[in-house]
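Okay, so here's the structure we're looking at.
The values are calculated or read from the model by the stated rules, or taken from the named source; none is laboratory data. The shown structure was predicted, so the numbers you read here are calculated from the model rather than taken from an experiment. Cβ placement follows ideal geometry from the backbone for every residue including glycine, while neighbour counts extend to all protein chains displayed. SASA here: full protein model, heavy atoms, side chains in, ligands and nucleic acids out. Shrake-Rupley method; radii C 1.70, N 1.55, O 1.52, S 1.80 Å.
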Amino acid sequence: SAGRDFRVVAVQPQWHAQDFTSAGRFRAWMRSQLELARPHIAGDRPTLVVLTELNGLPLVLRGAGWVTRLGTFRRAATALFVVRLPRTLPLVLRERVSPIRALQLADADTNAELYLRTCQALAREYGVYLCCGSAPLPRYYRQGRRVRRVPGVLTNQTVILAPDGHLIGATDKVHLTPDEQTGGVDLTPGDLNDIHVYPTPVGDLGVAISLDAFREDVLGHLGAQGCTVLLQPDANGAP
C-alpha cells in the first residue's frame with residue numbers, strides 16, 4: 001500500500017420517492033450524484049466514489065408513481081403487493097417468503113439489471129472506481145449458459161466497479177437492523193465467510209455496510225485479509 005496516491009469522494013444524497021418511479025428518473029438521480037462528485041475527481045490519479053446504502057430499495061416503486069401519494073413506504077408496499085398479486089402471491093407460496101420480500105423479488109431481475117447497468121455506465125463515464133452504495137439484490141448462479149436466481153434470497157449488497165465498468169467484487173450485509181429484518185423490508189443476512197478484500201489502485205478495499213462497521217467479527221475478518229480502506233455505505237432515515 002505504500003506510495004499509493006488516490007482520492008476518495010463520498011456522496012450522501014437526499015431521497016425523493018419520485019426519483020424511483022421510472023428508469024429514467026432513477027438514472028438521472030444516480031447521475032446527479034456523480035455530478036456532485038465531478039469537481040473532486042482527480043485527473044492525475046485514481047478516484048474512488050462511494051454512494052449510499054440501500055439506494056436501490058425504492059425501485060419497487062418503479063412504474064407505480066401513484067403510490068407515492070400514500071405517504072409511507074409500508075402503505076405503498078401493501079398497495080403494490082395487492083396490485084401485483086399475480087406475480088407476488090406465487091412467490092409467497094412457492095418460495096415461502098413474506099409478502100414484502102415477494103414484492104421485491106417479483107421485479108428483482110429487471111430492477112437488478114437497471115441498478116447494475118446504471119452504475120456500470122456511470123463508472124465508465126466518470127472514469128472512477130465506484131462503490132455503488134447498496135441495494136436489495138438476489139443471489140445469482142450459473143447453470144450452464146443460464147444465470148439463475150437462488151429462490152427466496154434477497155440481501156443488502158454492495159457492488160464495486162472498476163473505471164471500465166468491470167465487476168471488482170460484491171459484499172452482503174451480515175448484521176441487519178430491525179428495519180431490515182422480519183417485520184421490516186425482510187432481507188436475508190449475508191455470510192461472514194463470503195466477505196472479501198479487493199486489491200485495487202485505490203486501496204485494498206473492504207466493505208462493512210452500515211451496522212457491520214460496528215461489529216468486531218466483520219472488522220476482524222476484513223483486517224485479517226489486509227484491508228487498508230474500509231468502505232461504509234450507510235443510509236440515514238433522519239432529515
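Tell me, what % of the accessible area of region 65-208 is carbon and sulfur with a 1.4 angstrom probe?
55 percent
Just need the relative contact order of region 147-190 here, percent rounded to a whole number, with Cα pairs under 8 Å and 6+ apart.
Rounded, it is 37 percent for region 147-190.
Got a number for the accessible area of Tyr140? Probe 1.4 Å, square angstrom, nearest 10.
90 Å²
Could you tell me which Cys residues in the chain have no other cysteine's Cβ under 4.7 Å from their own Cβ, answering none if every one has a partner?
Cys with no partner Cβ under 4.7 Å: Cys131, Cys227.
To the nearest 10 square angstrom, how much accessible area does Ser210 have with a 1.4 angstrom probe?
For Ser210, solvent-accessible area is about 10 Å².
Taking the Cβ of Val67 as the center, what net charge do the other residues with Cβ under 15 Å away carry, scoring Lys and Arg +1 and Asp and Glu -1?
So the surrounding residues net to +4.
Please work out how much length the chain gains when fully extended from Arg69 to Leu89, using 0.36 nm per residue of separation minus the C-alpha to C-alpha distance, in nm with one decimal.
Separation in residues times 0.36 nm, less the Cα-Cα distance, equals 4.8 nm.
Against the globular-protein guess of 2.2 N^0.38 Å, express the Cα radius of gyration of region 1-140 as a ratio, rounded to two decimals.
Numbers: Rg = 17.4 Å, N = 140, 2.2 N^0.38 = 14.4 Å.
So the Cα radius of gyration is 1.21 times the expected 2.2 N^0.38 Å.
Go ahead and collect, in residue order, the members of region 145-167 whose backbone nitrogen is under 19 Å from a label point 7 Å along the Cα-Cβ direction of Arg27.
Of the residues in region 145-167, 164-166 have backbone N under 19 Å from the label point off Arg27.
Can you give me the relative contact order of region 97-239 as a percent, contacts being Cα pairs under 8 Å and 6 or more apart?
About 18 percent, as a whole number.
Taking a probe of 1.4 Å, how large is the accessible area per residue of the chain, in Å²?
Each residue of the chain exposes 49 Å² on average to a 1.4 Å probe.
Using only C-alpha atoms and all pairs of different ones, pull out the Kirkwood radius for region 98-207 in Å with one decimal.
Working: mean 1/r = 0.0673 Å⁻¹.
In region 98-207 this quantity evaluates to 14.9 Å.
Quick check for you: which residues of region 120-145 have the amide N under 15 Å from the point 7 Å beyond the Cα of Val8 toward its beta carbon?
129-133, by backbone N distance to the label point.
Tell me the label-point distance for the pair Thr78, Ser98, using the 7 Å Cα-to-Cβ offset, in nm and rounded to one decimal.
That separation, rounded to one decimal, is 1.5 nm.
Taking the dipole about the Cα centre of the chain, with the C-beta of Lys and Arg at +1 and of Asp and Glu at -1, give me whichever of Met30, Pro151, Leu231 is farthest to the positive side.
Most positive-ward Cα: Pro151.
Mind jotting down the distance between the C-alpha centroids of region 207-239 and region 40-93, whole Å?
Going from one Cα centre to the other spans 23 Å.
For the chain, what is the mean residue ellipticity at 222 nm derived from helices alone (per DSSP H run of n ≥ 4: -39500 (n - 2.57); sum divided by total residues; nearest 500 deg cm²/dmol)?
Calculated mean residue ellipticity at 222 nm is -9500 deg cm²/dmol.
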